[in-house]
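Here you go, one structure.
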Amino acid sequence: MALAPTLGTSRTYCLNARSVRAILSSRAFSTAHSEPHEECDVVIVGGGPAGLTLASALGSSRIARQKVRVTLVEGGDLSKVRHWSPPPGTYSNRVVSLTNTSQSFLKAIGAWSHVDTHRTVPVEEMQVWDGVSDARITFSASEIGLEKPHEGMARLTEILNLQRGLLRHLEELPDVQLIEKTKVKSILRDAEEQGGWPLVHLDNGRVLRARLLIGADGFNSPVRSYAQIPSFGWSYDTQGIVATMVHPPRGAFQGPNTTAYQRFLPTGPIAFLPLSPTVSSLVWSTRPHIASALTASDPAVLASMINAAFRLPELSLRYLYNRIIEAQAHGTPLTHSEVQQEILWREQSHAIDPNSAYASATIKTIEDAGVPATDSESVPPLVTSLQPGTVATFPLRFNHTESYIGEGQGSRTVLVGDAAHTVHPLAGQGLNMGLADAECLTRCIENALEHGGDVGSYTALLPYAQERYLENHTLMGAIDKLHKLYTTTFEPVVWARSVGVEVLNEFDSVKAALMMMAGARDHKVDKTAAGWNLAAKGVEGLAASVGAAKLLGGGIGGMMGAGLQGLLKATSTKTRPNGTR
Amino acid sequence: MVHASEDHALNASPAQLMLNVLLALRTADKKRSSFTSAALVVIPWVMWAAVFVGVLVFGLRHSEFVQISPNGTFCILVNTALPKLTSVWATIASIVLVTEEVIVAVLLYRNREVFPGFGQSKTMAIRVGIFTAVGLGAIASCSKQLCPGLSQHVTRRNMRLSNLVRTLHRQLHSSANHGTINAEEIAHFSRLSSQWWDEQGEFAYLHRMNPVRVQFIQDKLLEVSREHEGEEAPPTRGLRGLDVLDVGCGGGLLSESLARLGANTLGIDASESNVKIAKLHSSADPRLEHLSYLNAPAESLLESSKRYDVVCSMEVLEHVDNPATFLSTCAELVKPGGHLFLSTIARTPLAYFLTIFLAEDILRKVSRGTHTYSKFIKPTELVSFFQKHRSPSDGTVDPQYLEHATLPKPWISPQASPAFPPRVEAEVRGLIYHPLRAKWHLAPRDAWAATDCNYIFWVRKPFQ
């Protein structure tokens, strides 16, 4: 980001950590600011999903609307997003899975009604399997005890659809000031006598004096540089490939296209996210050299490779990657038919039945498919083509700031979303974490306002950091470990993780607990209530297994089970809160 | 040998415990005679039973010395040498007991490999822990009884104020007409004034306490407006438009919050530097137009006729001289039907432990000398002050009708127990700090021991 280094007599922080330190050491005390400025209570920098959600949450909160003036600054042209209208049947390549927790938050702030739900798909089932051992775990919305299973465990949608919905919602909230196509030129600190509040200098000459400056400005956050919040992290030796895939609809004997698939290959996970009956989205994380070779080849070749990556044994995939890389190095990239030949040959050598769902060398059209292969549900539909212009790559990294709240010289700042944390996309949690941040920060600001607090003060913001930091860190750590666990082919590790997954797959209550942690529940339930519910479920299972014994003698066990279950359920209803808003 | 220790596992005396351990550890060839073992097991029980029976017999024969303890759970012997004797005996026994515990613990630890199984050593560890705690507690309580001056020795550095401990109660009910400002306290807070707005520094606890205090004020105002206008009352305006006085505003932590909620707030403080800091800080905030500050003692406001809907004095009472005068001054500044909010610290060992020993001496979170134990005030003392306190009559009554004029009502009805003032007249609620959440909580009403440390107090001035 190019930034003008100095401005007038005020102390300047160029938004770059090294020069900040240099300026800090040599800065002289200066007096009150000279330029006229606008008093803004809350300034949000960044119009991404997290920033827009925060703005609309604050705008729809009664107390926040009364007591604070919210301004959002975005460098890009948001009208493009606001008037985004893709041709029918085409989909953007940036897709997000919104957990039910995130959805209910968006509903609560009134933004969800502006999101085009025809362009969203509920995830009713998830199939996740090991690329080396094929150990598989299945999550199904109907099995994990959700109140509304047809609403799915999460909902897939394009980020643009969400952003457009949020912008439409913001149009109804005139109290929120939206400054777009305007970059933040620099952020300075007001004179000490003026309280040292952040002064946001925009490139159109306006100066915003912020009681609270919120950084929702992504990985290279200028607000974070101003607040001098250090962060730690690493980049994975991995690139993510995204694309919009076109495939024939599921046959009459199969379920609808509402199953998400993910296969953990040693090079990184490949995921298939349904968007409509015939269109799905790809997120394929793999080594950079493989990613560049795949994206450089013909889209038809990539489509074949996607099919193969969900089906062929890992050994053959490695062979295919090498074939493609070598051919490109020799200047004779493989054609589609050559790749299909290679795949066919690999399938024959692995003795894969050409009629099985694991065969992808010949694409069977829906007419002659007839009754599908028995295992057709365990792999995604065969991709026939990629929507033109949708193939893209991005680097994957792990990054977490050491704190969410600025202190000392960077006081009155707070970070949300990617400005605070960047995570591997394998669990689809990055954006949901950002939305959860926005939810929590809104709650925190409301609480402070109710008690006459200063929303920029450390005390007012502390609950936000307390609630979110550990939760985000735990999730990020788990995702990171998952990535590391699955990128190894070391035999004992593969064995251990496969046994673990197969055992886990048999425990519905544990799976339900996992999904609950991943936000499948549609509202933020009291953790104890949810726990009691799970315990009740467990007893239910116990009672079912006791059912056999009941036939043989007595039935005391079953009665006890039922009694206990009733007791636990009663406890859970008692401890359930009356609703969050 | 293993059997030996298991057989006696039910016996709970530490002497037996030690015996068991010693037995278990002994090599097989050196055998103690069964008589010695039996004696060692029996003697502590016999001694204990003897004392018990002795006290019982004495109590039965001299019933005039027996009194029921204040909480009604046990009896005590008063005006005899027996409690002293028991204390001496119990202290000695406890010292022996703790020594034995230490020996047992050391033996157990050093021979942890020899002892069978984890389960038993765990039980033993629990028993050792329980006995040590009981023993230490006994020593502490006995020694307190033996040397009553000890508690004062603990607060030796406050000795010069120890006369205040004795005279405090008297002072609370006298209305000596001295100033309430303690020059040393003012100097202390003036020194710290630059840190008022460092939210992670000296005053972090106050910053975090602020939302709870405001919540309490809002709750009480809402409750009272409901009482007057019924549950169907229109959405309360809360503090909006009320005249609020914050006595001892310090850096203005509370005053700013009250002003943000719409109250016309005046913060006064006897320290000039505090007021300077408060003014400077509020000037940076464009939303604080209803806030002003004054460097003056509270008494000086009595000269003007201006009275306030709400008078707050948070964490001030424990820093003033002549608390009774101070309370009368604050009470005088409240409009009839208005509210007085006070928060301070109770004079209890728990408060000493938490606010002085832990916060100042051990954790050093608060500067030494911030609190003085003897100046802490118990909630019951505050309540009984207001049970006697009557607003001075304003002199509008014609002298000839004076005998017909009713005396102004006391603020809290005198019939009520000071521990449970009537809900419509006054309320005491504990403030409890949760160190892991770094957050203060308003304890539920009548929560056990909640008001033993920090507490907040509300009282309403009667209309006439």
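For the range A:84-190, calculate the relative contact order in percent as a whole number, restricting contacts to Cα pairs under 8 Å that are 6 or more residues apart. Present the calculation step by step, with values, prior to reporting the outcome.
Details: 115 pairs, mean separation 36.9, N = 107.
Taking the mean separation of contacting Cα pairs over the length of the range A:84-190, I get 34 percent.
Accessible area lost on pairing A with B, both sides, 1.4 Å probe, Å² to nearest 100?
Summing both sides, the interface buries roughly 1700 Å².
Would you please classify the overall shape of the range A:228-282 from the alpha carbon gyration tensor, given that a ≥ b ≥ c denote the square roots of the eigenvalues, rounded means a/c under 1.5, and beyond that prolate means a/b larger than b/c while oblate covers the rest?
prolate
Something else about it: Trypsin sites (Lys or Arg not before Pro), restricted to the range A:295-398: which are DSSP loop and have at most 10 other Cβ atoms within 10 Å? Write down the numbers at each step before the final one.
Working: sites: A:Arg311, A:Arg318, A:Arg323, A:Arg346, A:Lys364, A:Arg397; in loops: A:Arg311, A:Lys364.
The qualifying sites: there are none.
On to the next question. Please state the charge dipole magnitude for the range A:236-393, taken about the Cα centre, from unit charges on C-beta atoms (+1 on K and R, -1 on D and E), reported in debye and rounded to the nearest 20.
Dipole size: approximately 260 debye.
Over the range A:236-393, what relative contact order in percent results from Cα pairs under 8 Å that are six or more residues apart?
33 percent
Give the accessible area for B:Ile181 in Å² (nearest 10); use a 1.4 Å probe, count only protein heavy atoms, and leave out ligands, DNA and RNA.
So the heavy atoms of B:Ile181 present about 70 Å² to solvent.
In what sequence, largest accessible area first, do A:Asp41, B:Asp452, A:Asp175 appear using a 1.4 Å probe? It would help to have the intermediate numbers written out before the result.
On the way: A:Asp41 10, B:Asp452 55, A:Asp175 85 Å².
The residues order as A:Asp175, B:Asp452, A:Asp41, largest area first.
As an exercise, identify the trypsin sites (Lys or Arg not before Pro) in the range B:184-275 lying in DSSP coil whose Cβ has no more than 16 other Cβ atoms within 10 Å.
B:Arg237, B:Arg240
Got a number for the accessible area of B:Phe376? Probe 1.4 Å, square angstrom, nearest 10.
0 Å²
Can I ask one more? What order, most packed first, do the peptides B:58-67, A:164-173 have when packing is the mean number of other Cβ atoms within 10 Å of each residue?
Values: B:58-67: 11.6, A:164-173: 20.5.
Packing proxy ranking, top to bottom: A:164-173, B:58-67.
Using a loss threshold of 50 Å², tell me which positions in the range B:191-220 are less accessible in the complex than in their chain alone. Probe radius 1.4 Å, ligands and nucleic acids ignored.
B:Glu199, B:Gln200
Please check the range B:243-262 for residues whose accessible area, probe 1.4 Å, is lower by 40 Å² or more when all protein chains are in place than in their chain alone.
B:Arg260, B:Leu261
Which residues of the range A:448-463 end up with at least 40 Å² less accessible area in the presence of all protein chains than when their chain stands alone, using a 1.4 Å probe?
A:His451, A:Gly452, A:Tyr458, A:Thr459
Continuing with the same structure: Report the accessible area of A:Trp234, computed with a 1.4 Å probe over the heavy atoms of all protein chains in place, in Å² rounded to the nearest 10.
Ignoring ligands and nucleic acids, A:Trp234 comes out at about 100 Å².
Can I ask one more? Can you work out the accessible area per residue across the range A:194-320, with the rest of the protein chains kept in place, probe 1.4 Å, in square angstrom? Let's see the in-between values first.
Working: 3490 Å² over 127 residues.
Per residue, the range A:194-320 has an accessible area of 27 Å².
Over what distance in Å are the Cα centres of the range A:178-253 and the range A:446-466 separated?
Taking the Cα centre of the range A:446-466 as reference, the centre of the range A:178-253 is 22 Å away.
State the Cα centre-to-centre distance between the range B:334-391 and the range A:98-151 in whole Å.
The range B:334-391 and the range A:98-151 have Cα centres spaced 54 Å from each other.
Counting pairs of alpha carbon atoms under 8 Å apart in space and at least six apart in sequence, what relative contact order in percent does the range A:351-468 give?
The value is 18 percent.
The values are calculated or read from the model by the stated rules, or taken from the named source; none is laboratory data. Bear in mind that the values here come from a model prediction, so they are computed numbers and not experimental data. Note that each Cβ is placed from the backbone with ideal geometry, even for glycine, and that neighbours are counted across all protein chains shown. The area values use the complete protein model at the heavy-atom level, side chains included, leaving out ligands, DNA and RNA. Shrake-Rupley method; radii C 1.70, N 1.55, O 1.52, S 1.80 Å.
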